[in-house]
Amino acid sequence: MSGNIPLSDLVSHVNAIRGFINSFVVGREVELDVLLYALVSREHAILISEPGTGKSMLIRLLAQIFDVPYFEYQIHPRTTLSEIFGVPNIKLLREQGILKFNTKGKLPEAKLAFLDEIFKSSSALRNALLTILNERIFFDGTQNIKCPLWTCLSASNEVPKNKRDAFWDRITLRVFSSGLPKEKWKLYLRKYWDIHQPGFEKKIPKYSFSVIEQLHSILYSVNLENIRDKLVEIYVSLERENIWFSNRRMGRAQKVIASSAILDGRNVASFEDLFVLKYIIPNNAKEVEVVSTILEDLILPDAKIRREVSEIKKQVESIELSVDNIKDTLAILGRIESKLREYRNSQTLTQKTIEIIEEALEIIKRKKEEFAEKFIRGEL
Ligand SMILES: Nc1ncnc2c1ncn2[C@@H]1O[C@H](COP(=O)(O)OP(=O)(O)O)[C@@H](O)[C@H]1O
Ligand SMILES: [Mg+2]
C-alpha cells in the first residue's frame with residue numbers, strides 16, 4: 001500500500017498512461033519504460049538517437065499527460081542562463097540595488113523539464129544546470145531557493161566523449177535507440193497521420209502527478225536484500241570488461257531497480273529488475289551490447305547455453321547436402337544431435353531454451369528425411 005491507494009491501483013494508472021502513449025508512438029515502448037523509471041525514482045533521463053526518431057514527441061507527450069508546471073527548451077551553444085533561469089528583476093535592481101532573477105515560467109519553477117540537446121550547453125550553463133539537477137536548488141541572486149524539479153528529461157544525438165563527464169554521470173538513465181525497423185513503417189505512417197491531426201493535443205488525457213509521487217514514496221521500502229549479491233557480481237564483471245561507471249551510479253542504480261519492482265506491482269526486487277542496468281551503465285551504443293550480454297549471462301542462468309544452442313540452430317539450418325559431403329554432413333548432424341540431446345537432458349533450462357533445442361532437433365530430423373528422400377530418388 002502507498003498512502004490509501006493500493007499499489008496495484010497506482011500501477012494500473014501508469015499502465016493506462018503507457019497504453020495511451022504507446023498507441024500513438026510506434027516502437028518506443030522501452031524508451032517510455034525508461035522515462036517512467038526516471039519519474040518513479042526521481043532521477044533524470046536522456047534519450048539518445050538520430051534526429052527525427054521521436055525523442056521529442058515521446059517526452060512531450062509524457063510531460064503533457066501530467067498536470068504540473070513544465071519547462072521545455074532547445075539548448076544551443078549560445079543559450080544564455082537567463083533563457084533557462086529567468087532575467088534579473090530590473091525594477092528591484094534599479095530601486096533597491098538587489099539582484100534577483102524572475103524565475104516565473106522558467107526551469108527553477110518547473111516540476112518536469114525537457115532540455116533538448118543538453119550537451120550543447122556552454123560550460124557556464126552546464127555548471128548552473130548541474131546545481132539545479134543535482135541539488136534541486138537555485139541561487140536566485142539573493143538566496144538559494146528550493147526547486148520543485150522532479151525529473152529533467154533530455155534528448156541528444158551524441159554523447160560526451162569523456163565518460164567521466166560530470167554532467168553525463170548525473171543523468172542516471174540513458175537509452176540508445178535506432179530508427180524504426182521496416183516492419184513498423186506502415187503502422188508508423190498511420191500514427192503520424194493521427195498525431196498530426198488538428199486538435200490532437202486536446203485529446204491527450206490528464207493524469208495527476210500524485211500517481212508518480214505516491215509510487216516514489218514507497219521507493220525506499222522496496223526490499224533489495226535478495227539482489228545485492230547479484231548486483232555486486234554484475235558490477236565486478238562489468239569492471240572486468242573495462243566498462244566504466246562511477247560509485248554514484250552504482251548506488252543510484254538501486255533506485256531504478258526498486259522502481260522496476262514497483263512498476264511491476266512488487267515491493268521486493270527480483271533478478272529480472274536488474275536488467276534496468278542496461279539503461280544505467282553503458283556509456284555509448286557499443287557498450288550496450290557488452291552490458292546486455294553480461295546481464296543475460298548472470299541474471300538468466302541458462303543464457304549462455306541458449307546463445308550456444310541458437311548458434312547451433314543457425315548452423316544446422318544452413319547445412320546443405322551434396323554428393324561430395326553426404327557422409328561428413330550426416331556425421332556432423334549426428335554429433336550436433338547428441339550434443340543437443342545431452343543439453344536437454346542434463347541442464348535445468350528455461351522453457352525458452354528448451355524450445356530452441358526442440359526446434360533445432362526438429363530441423364535436424366527434417367534435414368535427415370530430406371537427405372533420405374533425395375537418396376532414394378537418386379538425386380544424391
Ligand atoms: N516512433 C515514432 N512514432 C510516431 N511518430 C514518430 C516516431 N518517430 C518520429 N515520429 C514523428 O516524427 C516527427 C519528428 O520526431 P521528433 O520527436 O521531433 O524526433 P527527434 O526529437 O528524435 O528528433 C514527430 O513529429 C513524430 O510525429
Ligand atoms: Mg527533438
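Some notes on this structure:
- Estimated FRET transfer efficiency (Tyr207, Arg344; beta-carbon r; R0 51 Å; 0.05): 0.60
- Ranked by how many other Cβ atoms sit within 10 Å of their own Cβ, fewest first, the residues Asp33, Asp229 fall in the order Asp229, Asp33.
- Among Thr131, Thr293, Thr348: highest mean-square fluctuation, GNM of the chain, C-alpha pairs under 10 Å: Thr348
- Exposure proxy order (Cβ contacts within 10 Å, fewest to most) of Leu187, Leu112: Leu187, Leu112
- Crossing angle, helix 7-22 versus the chain [Cα axis fit, 0-90 degrees, rounded to tens]: 80
- Note on the range 303-376: Rg/Rh from Cα positions, Kirkwood definition for Rh, rounded to two decimals, is 1.01.
- Dipole magnitude of the chain about its Cα centre (Cβ charges: Lys, Arg +1; Asp, Glu -1), debye to nearest 20: 1080
- The alpha carbon gyration tensor of the range 1-88 gives principal lengths a ≥ b ≥ c with a/c of 1.5 or higher and a/b no greater than b/c, which makes the shape oblate.
- Dipole-positive endmost among Ser322, Ile354, Phe371 within the range 303-376 (Cβ charges, Cα centre): Ile354
- Computed from Cα atoms, the angle from the helix 228-240 axis to the main principal axis of the chain rounds to 80 degrees.
- Residue exposure proxy: Ser49, Ser210, ordered by other Cβ atoms within 10 angstrom of their Cβ from fewest to most, comes out as Ser210, Ser49.
- Cα-based shape type of the range 54-128, given that a ≥ b ≥ c are square roots of the gyration tensor eigenvalues and the cut on a/c is 1.5: oblate
- 27 Å Cα-Cα threshold exceeded, pairs from Lys161/Lys191; Lys120/Lys163; Lys120/Lys191; Lys55/Lys100: Lys161/Lys191; Lys120/Lys191; Lys55/Lys100
- Dipole moment magnitude, nearest 20 debye, the range 303-376 about Cα centre, only Lys, Arg, Asp, Glu C-beta charged: 300
- Folded to 0 to 90 degrees: helix 29-41 orientation relative to the chain principal axis, Cα: 50
- Relative contact order (%) - criterion: Cα under 8 Å, at least six apart; region: the chain: 18
- Cα-based radius of gyration of the chain once divided by 2.2 N^0.38 Å, which approximates compact folds: 1.26
Computed from the coordinates by the stated procedures, all read-outs in this text should not be read as laboratory data. Not measured: the values here are computed from a predicted model. No Cβ is skipped: glycine too gets one built from the backbone with ideal geometry, and neighbour counts run over all protein chains shown.
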